[in-house]
Amino acid sequence: MKFAHLADTHLGYRQFGLIEREKDFYEVFGKVIDKIIEEKVDFVIHSGDLFENAKPSPMALLEFQKGLLKLKGAGIPMYAIAGNHDSTLRKGSIPPQVVFKKMGLKVISPINTNYMHGDIFIAGLPFYPASKSKVLKSKLVDLSKKAANHEKSILVLHQGIDNYFDYQYELEPGDIPDNFNYYALGHIHKYIVSDFGKGKLVYPGSGEIWKTDELEDYNLNGKGFVVVDFDGSKPQIKRVKVDVSREFIKRSLDYHNLESGINGIKETIKDFDKKPILILEINNVDSDTGIIYELINRELGELSLMIRPTFNLVDDEIEIELTRDSPVGPEELLIEKLEGYENEDVQKLAVDLYNFLSKDKLEDSQELIDQYFIEHYPSLESEDDEEESEKDTDDIQVTFKGVLE
């Protein structure tokens, strides 16, 4: 028995606002599906962020439908959970994955947390923010008890875990049950495989380059998915790499040797099938950056899809006192400011609100606040809110069905 494990495909993501990049994500997904079929696996697990957002475009829905039907034609079922991108926190809301249940997609949800595939127990939960970590941990305990009754078991989650995640995480290793044979994780876009409990914990990484800070891991591990052989005493992991649709070229150039640097890039990309994205750092700049940008665009613009330059000026005399071992962003500063606050739930609420509001997720932010007051001040919840939520759910279902019909 073997299965494929993938995550973070982010279908519908229009990176940099470019339709070409949206199509790149679809193309890679298609390659992944074809390779999965070539591997002759028994089933597939998708660990969340199937789509870029909770209301995917018609094209994103149709591209997934094509892949799902290909798998169905090959007799390969798919099990999936919702990640933080393709779900909302609105009460009663449904993730877009639910639309595909009639086509055979087996959606793992808080209501339907587990399936049996032959003698393999497959259980999981969708993404839970840090503010709901108590609920998440309680549900994990329940799943652990169920897994104890099965010889082979898989836990599917879309969460950040301390030790594996550089930013805010929702779980620590001690919060995760240790009696599963395989931990199918999503959320982190780099490839991670680790011994955990009596089995293996794996983040397969994203299928495409979702952010430019993924380039280092991409150059080291590539993009793709994993195939898991589940027949032995411990799962055997095989990494299957899939070529991304276009290259990201990152170069550091010296302003005084700019012509030579530009010619080197031209030589590198002249025969590419698709125009690459250029990430350029220009050092020792002592001239007008606008003129330099015009030069770069004139020489490389026709050969590239996009150019993202940064300029380091030689007369920049600003001194930065480094007092930390790692870069500090707004989220880290917020966490630091809240360290002295006595209520841990309020701390988590503030951090989650920052994450949602910084991405213009206003509905998620409102639902997070509503949920906080429901949990801490239950008398404030009204029946009207419940009725409105149910209506929203019905509207979403009708919208998705209309797109696919």
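On the given criteria, is Leu6 crowded, with 24+ Cβ neighbours inside 10 Å and in contact (Cβ under 8 Å) with a residue 40 or more places away in the chain? It is true that Leu6 is crowded, with 24+ Cβ neighbours inside 10 Å and in contact (Cβ under 8 Å) with a residue 40 or more places away in the chain. Within the range 197-226, track down each residue that is under 25 Å from Asn114 (Cβ atoms) and modelled with pLDDT under 95. Once the filter is applied, which keeps residues that are under 25 Å from Asn114 (Cβ atoms) and modelled with pLDDT under 95, the range 197-226 yields Gly197, Lys198, Gly199. Filtered by the rule that a residue be over 35 Å from the mean Cα position of the chain (by Cα) and either outside any helix (DSSP H, G or I) or hydrophobic (A, V, I, L, M, F, W, C) (or both), the range 282-312 gives Asn284, Val285, Asp286, Ser287, Asp288, Ile291, Ile292, Leu295.
So, in the range 45-95, exactly how many residues are surrounded by 20 or more Cβ atoms within 10 Å (Cβ to Cβ), among the charged types (D, E, K, R) and not in a loop (DSSP other than H, G, I, E, B)? Within the range 45-95, residues that are surrounded by 20 or more Cβ atoms within 10 Å (Cβ to Cβ), among the charged types (D, E, K, R) and not in a loop (DSSP other than H, G, I, E, B) number 1.
Examine the range 105-117 for a residue that is surrounded by 21 or more Cβ atoms within 10 Å (Cβ to Cβ), polar (S, T, N, Q) and within 24 Å of Lys234 (Cβ to Cβ), and state whether such a residue exists. No, there is no match, as no residue in the range 105-117 is surrounded by 21 or more Cβ atoms within 10 Å (Cβ to Cβ), polar (S, T, N, Q) and within 24 Å of Lys234 (Cβ to Cβ).
Looking across the range 248-286, just one residue is over 30 Å from Ile19 (Cβ atoms), hydroxyl-bearing (Ser, Thr, Tyr) and surrounded by fewer than 14 Cβ atoms within 10 Å (Cβ to Cβ), and that is Ser260. Looking across the range 222-242 at every residue that is in contact with a Gly (Cβ under 8 Å, 6 or more places away or on another chain) and loosely packed, with under 15 Cβ neighbours inside 10 Å, the one that is farthest from Glu20 (Cα to Cα) is identified as Lys234. Filtering the range 127-158 to residues that are among the hydrophobic types (A, V, I, L, M, F, W, C) and buried (at least 18 other Cβ atoms within 10 Å of the Cβ) leaves Phe127, Ala130, Leu136, Leu140, Leu143, Ala147, Ile154, Leu155, Val156, Leu157. Residue check: is Ala147 more than 29 Å from Glu27 (Cα to Cα), touching a Phe, Trp or Tyr at 6+ places or on another chain (Cβ under 6 Å) and either modelled with pLDDT of 95 or more or in the same structural domain as Phe16 (by TED's automatic domain parsing) (or both)? So Ala147 passes the test.
Remark: pairs (first residue in the range 186-199, touching a residue at least 24 places away in the same chain (Cβ under 8 Å) and farther than 17 Å from Glu216 by Cα; second residue part of a strand (DSSP E or B) and of a type in the set (Gly, Ala, Ser); Cβ separation under 9 Å; 6+ apart in sequence or on different chains) = Gly199/Ser153. Residues that are within 24 Å of the chain's Cα centre (by Cα) and either outside any loop (DSSP other than H, G, I, E, B) or among the small types (Gly, Ala, Ser) (or both) within the range 112-129 comprise Asn114, Tyr115, Ile122, Ala123, Gly124, listed in sequence order. Being within 22 Å of Gly73 (Cβ to Cβ), in contact with a Gly (Cβ under 7 Å, 6 or more places away or on another chain) and either at pLDDT 95 or above or in the same structural domain as Pro235 (by TED's automatic domain parsing) (or both), is that true of even one residue in the range 32-40? There is at least one residue in the range 32-40 that is within 22 Å of Gly73 (Cβ to Cβ), in contact with a Gly (Cβ under 7 Å, 6 or more places away or on another chain) and either at pLDDT 95 or above or in the same structural domain as Pro235 (by TED's automatic domain parsing) (or both).
The values are calculated or read from the model by the stated rules, or taken from the named source; none is laboratory data. Predicted, not measured: the structure shown is a model, and the values here were computed from it. All Cβ positions, even for glycine, are placed from backbone atoms using ideal geometry, and neighbour counts span all protein chains on display.
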